[in-house]
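The values are calculated or read from the model by the stated rules, or taken from the named source; none is laboratory data. Just so we're clear, the structure is a prediction, and the values are computed from it rather than from any experiment. Here the Cβ positions follow ideal geometry from the backbone for every residue, glycine too, while neighbour counts run over all protein chains shown. Surface accessibility is based on the protein's heavy atoms, side chains included, excluding ligands, DNA and RNA. Shrake-Rupley method; radii C 1.70, N 1.55, O 1.52, S 1.80 Å.
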Amino acid sequence: MSSRSRVAFLLLTVLVVAGPMAVPAQQAPSPAQQPPTPGQPPPFETKKIADDVYLFRYGGHQSMFVVTPDGVIATDPIGYRRPQAVRTYIDEIRKVTQAPIKYVVYSHHHYDHIEGGRPFKELGATFVAHKNAKTRLEALKNPDVVLPDIATNDLHVITLGGTRLELHYVGRNHSDNTLVMLLPKQKLIFVVDFIPIETVQFRDFPDGYLPDFFESFDKVLALDWDRMIPGHPYAGGRLGTKDDVRAAKQYMVDLSDAVKQAALAGKCFDDAMKEVKLPKYEKWANYERFLPGNIERFCEYWGRGY
Ligand SMILES: [Zn+2]
């Protein structure tokens with residue numbers, strides 16, 4: 001491949017294939033070092049979503065930061081195997097404000113979202129995560145993950161410079177420690193990995209919990225918000241709506257129903273993974289790639305009871 005088409009391919013791999021726990025990009029050159037490629041999105045970008053709320057994207061991962069007169073609340077460092085992403089994140093915050101970065105809030109404990117936070121720690125930020133994330137991270141001892149200073153329970157509220165950020169635990173889903181971050185005044189939520197937009201769920205739901213997963217959608221729908229910032233740039237990078245949450249839930253229901261029938265017919269695992277199709281969703285990203293893994297997980301559930 002020419003170097004230009006190689007660049008385009010790498011960017012496409014990162015941006016299109018990236019689901020939750022996206023394929024590590026350690027083979028790729030630093031996006032920050034890449035020249036712009038015609039027709040491709042820039043390697044990183046920061047978008048203003050509301051007066052005081054910004055979306056930071058680096059490659060195929062997204063984070064949200066909130067700017068107040070008294071300081072900044074940042075979220076996932078998204079520096080997995082790419083420390084330059086964290087430096088870029090801080091530089092992007094500094095283009096908006098010189099206020100101190102007071103908090104870093106982890107959406108959940110998966111490394112592709114939270115690795116690399118040390119530069120934030122060195123700036124004095126307090127790290128916040130759900131208590132189950134803290135327990136897991138303390139056991140895993142990844143040297144590139146800053147341990148949380150504050151462990152939250154079902155609801156934790158951060159108030160800074162007149163802005164209220166609510167951290168809601170909506171139960172076990174894609175992990176046992178996902179926090180949904182709600183800005184009630186702006187009617188915005190930041191939701192990572194468990195509600196992909198027009199995108200099939202990642203592989204075989206690694207670290208996922210059935211049947212609890214289904215309840216999470218209802219708890220998110222019960223919160224008062226209009227726009228959802230996701231942890232990956234799905235569906236062309238647009239924000240999500242409550243209809244997207246309903247569609248993501250319906251996908252899980254349809255998947256579950258179809259695999260239950262296949263399990264009853266004795267087709268789990270291999271035949272079901274080949275034969276079960278959900279044509280309603282064939283236009284969704286990762287349909288061909290991840291549907292068999294999704295089926296495998298529900299074969300475990302319906303076919304074996306685990
Ligand atoms: Zn994840």
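Cβ-Cβ distances below 7 Å connect the following pairs, each with a first residue in region 283-306 that is part of a loop (DSSP other than H, G, I, E, B), a second residue that is small (Gly, Ala, Ser), and a separation of six or more residues or different chains: Asn286/Gly19. When His61 is tested against (1) open to solvent by 10 Å² or more (accessible area, probe 1.4 Å); (2) more than 30 Å from Asp154 (Cβ to Cβ); (3) within 16 Å of the ligand (Cβ to nearest atom), exactly one condition is not met: (2).
Cβ-Cβ below 9 Å, separation at least six or inter-chain, first residue in region 226-248 and farther than 15 Å from Pro41 by Cβ, second modelled with pLDDT under 95 and open to solvent by less than 10 Å² (accessible area, probe 1.4 Å): which pairs? Once the first residue is farther than 15 Å from Pro41 by Cβ and sits in region 226-248, its partners that are modelled with pLDDT under 95 and open to solvent by less than 10 Å² (accessible area, probe 1.4 Å) give Gly231/Pro20.
Between His109, His113, which is in a helix (DSSP H, G or I) and within 16 Å of the ligand (Cβ to nearest atom)?
His113
Looking across Leu160, Leu123, Leu155, Leu188, one residue alone is surrounded by fewer than 19 Cβ atoms within 10 Å (Cβ to Cβ) and touching a residue at least 40 places away in the same chain (Cβ under 8 Å). It is Leu160. Scanning region 64-99 for residues that are farther than 19 Å from Thr159 by Cα and crowded, with 24+ Cβ neighbours inside 10 Å returns Pro77, Ile78, Gly79, Tyr80, Ala85, Tyr89. Residues in region 191-205 that are within 16 Å of the ligand (Cβ to nearest atom) and open to solvent by 40 Å² or more (accessible area, probe 1.4 Å): Arg203, Asp204.
Total residues in region 90-106 satisfying the condition of being in a loop (DSSP other than H, G, I, E, B) and in contact with a helix residue (DSSP H, G or I) (Cβ under 6 Å, 6 or more places away or on another chain): the figure is 1.
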